[in-house]
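Below you'll find the structure, written out as structure tokens, and then a few comments.
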There are 2 protein chains.
Amino acid sequence: MKNPLNRRDVLIGMAAVPAGAAAIAAALNQPTSRADRKVGYAIVGLGSYALNNIIPQLQRCRLSRLTALVSGDPVKAKRVAAEHGVPERSIYSYGSFDRIRENPDVDVVYIILPNSMHAEYTIRAAKAGKHVLCEKPMAVSVAECEAMIAACRQAGRKLMIGYRSHFEPHNLHAMRLQREKAVGRTRFVQSEHGFPIGDPAQWRLKRKLAGGGSLMDIGIYSVQALRYTSGEEPLSVTARESTNRSDPRFREVEDMIDWTFAFPSGAIGHGFSSYSSGHNHIRLTGDGGWIDLEPATSYSGQRMRVRRGAGEEQVTPPPGPAINQFVGQLDHMAECVLTGRDPVVSGEEGLRDMRIIEAIYRSARDGQTVRL
Amino acid sequence: MKNPLNRRDVLIGMAAVPAGAAAIAAALNQPTSRADRKVGYAIVGLGSYALNNIIPQLQRCRLSRLTALVSGDPVKAKRVAAEHGVPERSIYSYGSFDRIRENPDVDVVYIILPNSMHAEYTIRAAKAGKHVLCEKPMAVSVAECEAMIAACRQAGRKLMIGYRSHFEPHNLHAMRLQREKAVGRTRFVQSEHGFPIGDPAQWRLKRKLAGGGSLMDIGIYSVQALRYTSGEEPLSVTARESTNRSDPRFREVEDMIDWTFAFPSGAIGHGFSSYSSGHNHIRLTGDGGWIDLEPATSYSGQRMRVRRGAGEEQVTPPPGPAINQFVGQLDHMAECVLTGRDPVVSGEEGLRDMRIIEAIYRSARDGQTVRL
């Protein structure tokens, strides 16, 4: 469960990035006979996020379509393929994955696997000549992130990380308001993310598969939010962890982590991550008011309030087109493939978060502020 | 300005603590001919908080009344005295303050002076045989707090600190809900307090008078809130400061301080204090939901929301009697004087906060976690 606060799928289904058919055809990396061909996605990993959020949204995209599936469960893969018009020849197992190179219908490989498998499949996809959209966290270490970036660069392929909030209208509006100084000079940014995790046997609670605990899985939303709402990069981080190691869920990974960023402007950022309580919140406070999102990064149902001086205003929905964040993300990657531009949330962006996450863990472990 | 978010005085005016007239008469410390005599208050310092919040509320109290004024401004004192029926003989200057000993109409001295004057006037009041209600922060150092407690103990007089939130129904209801585990086991408590401070010449920005910056003045609400909502005492604190020393307001005192408490239960507390942005918020998150107050500690207009599972509920007004926090505080002190019981927010409570405040400053200065 990535974001528990709101699991309704209130979908709007408008493409984030309009692009002319001619530009698309001109820029297509792989030869095609039809100018209106959409960018083909192979989905790697058929867990609930892929099945409930990504695959249904591909059908609403303007520039993207589902063309292949990669799964360790052939029965499930066959069923999903039949439901979505994917030919049986475009179903792969993890063993046969590398043969995806020979599939001209696949432009992008979208990796929705446990964190520790991201690096391997990104690198294999790049070697197979495919562009990569990889779920967050990008990997489980800075070293892996760097190897993934190098592999995609070497193959001349795009690498994007699944930071869907960059395509979600409330979050985009918050970034815009901050840039316009709508609530004045930024002073304090806070973001808390968490959910009470259940089954102790799930992969998220195994260090080998997840690479870490709540920070890797849900806290990364707070790390990102502090950066994208403030528009600043932290100079240092001070962190503390609190985990009850006798709780069967937390034998291998952390429960709660709390950290503070020092930003170059003098603003303070505070982040929090939990596997034992529910949080989904971003607030940026300036010297003239605040911008508040809660839920902030749910699949849908975001709510936004803005306070300026004494007045408080609901800003839901925010101004601008009603973009579905999943569609926006998928079509943005498609547009990057078609036009050659770089994704707004590239591998470098994922690497930045991983550097910060490693610093948070180090600061919590050593009890000292870590410079970035 | 203590709390800028809501300065409307929506006053309800019900006594917090009913007490029988006979019990009052029996317990009165000073002899009186009338069984229904109310406890007499001398107000020390006629700033806006005294004039706008305390003096008007004394008229609504069941057990308390205004009987004397202490001010450095004789014209102002005369005007206020005339408005509130205080005889001219009961007006004191700071020079003549000690003569208050001879005034049988004064039971309690309520000190509403700049922080650095709290210790001196508390000790002088105790030596004059009076009970003391002192505004927060109790003083500017642990040593001063200890001296104040000793002076009141030696004189056999009560000492209470002006933590009005302990008499405010929303805050009381939050404490009750936490004790009843209404949102489960406490995991994270957060509280932010601040306001953009104005005139650089005011006493709050002078170290000698204020003893510190935003933490002393408004951040103490966050310190208190983390303790009274969680019902726990911090084991350690990790803090960071951010102050632009070229801002004319912050030549002598800090702007923003951010800190984290480690609580014995494993819960984390996060506090924030600012003189450059507006905050007035408390949230306690348990493993089953959260309790949110915003504004939390304003003079009036508190709002409370409770989330349990997927459901969110407005809890304004909370259940129970509609107590005005100022009246509740004044009559609680009166009841303590009349019955001999100890105030719920005694000098020891103020001392605890001051120990924590000193630890926050030390941690921010040294960049290390400080054990308490």
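Structure data summary
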read-out	value
Members of B:K127/B:K158; B:K158/B:K208; A:K136/A:K206 lying beyond 22 Å, as alpha-carbon distances in this model show	B:K158/B:K208
Inter-part distance where the range A:273-287 and the range B:121-195 are each reduced to a Cα centre, Å	29
Occluded residues from the range B:280-304, i.e. those whose accessible area drops by 30 Å² or more once the chain is not alone (1.4 Å probe)	B:R283, B:T285, B:D287, B:E294, B:R303
Sites A:S265 and B:R305 - FRET efficiency at Förster radius 25 Å, r taken between beta-carbons, to 0.05	0.20
Cα-based convex hull volume of the protein assembly as shown per residue, rounded to whole Å³	151
Estimated inter-spin distance, A:R341 and B:R365, nm [label 7 Å along Cα→Cβ]	5.2
Highest-MSF residue in chain A out of A:G156, A:G129, A:G85 [GNM, Cα springs under 10 Å]	A:G85
Sparse-neighbour loop sites [GluC sites (Glu not before Pro); the range A:96-189; at most 13 other C-beta within 10 Å; DSSP]	A:E180
Buried solvent-accessible surface, both chains (B, A), 1.4 Å probe, Å² to nearest 100	2800
Listing of the range A:259-276 residues, each with accessible area lower by at least 10 Å² in the full protein assembly than in the chain alone (probe 1.4 Å)	A:T260, A:G266, A:I268, A:H270, A:F272, A:S276
Under-5 Å amide H pairs with A:C134, H placed in peptide plane, nonlocal only	A:I111, A:M160, A:I161, A:G162
Share antiparallel - DSSP beta bridges, chain A, percent rounded to 5	60
Degrees between helix B:142-155 axis and first principal axis of chain B (Cα, 0 to 90, nearest 10)	30
Antiparallel bridges, percent of DSSP beta bridges restricted to the protein assembly as shown (to nearest 5)	60
Cβ-derived FRET efficiency at R0 35 Å, B:S96 paired with B:A150, nearest 0.05	0.90
As computed over chain A, the Cα convex hull volume per residue (Å³)	131
Cα-based shape type of the range A:63-119, given that a ≥ b ≥ c are square roots of the gyration tensor eigenvalues and the cut on a/c is 1.5	rounded
Solvent-accessible area lost in complex, 10 Å² minimum, residues of the range B:155-198 relative to chain alone, 1.4 Å	B:R185, B:R187, B:F188, B:Q190, B:E192, B:P196
Mean residue ellipticity (222 nm) of chain B, computed from DSSP H runs ≥ 4 via -39,500 (n - 2.57), nearest 500	-8500 deg cm²/dmol
Accessible area of the range B:169-322 belonging to carbon and sulfur atoms, whole % at 1.4 Å probe	54
For the range B:169-322, alpha-carbon Rg relative to the globular expectation (2.2 N^0.38 Å, N residues)	1.11
Phi-based couplings in Hz for the range A:177-183 (Karplus 6.51, -1.76, 1.60; Gly and Pro marked x)	4, 4, 4, 7, 6, 4, 10
Listed residues A:V109, A:A126, B:V253: farthest to the positive end of the dipole of the protein assembly as shown (Cβ charges)	A:V109
Rounded accessible area per residue of the protein assembly as shown, 1.4 Å, Å²	36
Loop trypsin sites (Lys or Arg not before Pro), the range A:222-322 (other Cβ atoms within 10 Å of the site Cβ: 13 or fewer; DSSP)	A:R245, A:R251
Length released on extending from A:D199 to A:N244, taking residue separation times 0.36 nm less the Cα-Cα span	14.6 nm
Angle in degrees between helix B:220-230 and the longest Cα principal axis of chain B, rounded to the nearest 10	70
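The values are calculated or read from the model by the stated rules, or taken from the named source; none is laboratory data. Not measured: the values here are computed from a predicted model. No Cβ is skipped: glycine too gets one built from the backbone with ideal geometry, and neighbour counts run over all protein chains shown. To get the accessible areas, we keep the full protein, side chains included, count just its heavy atoms, and leave off ligands, DNA and RNA. Shrake-Rupley method; radii C 1.70, N 1.55, O 1.52, S 1.80 Å.
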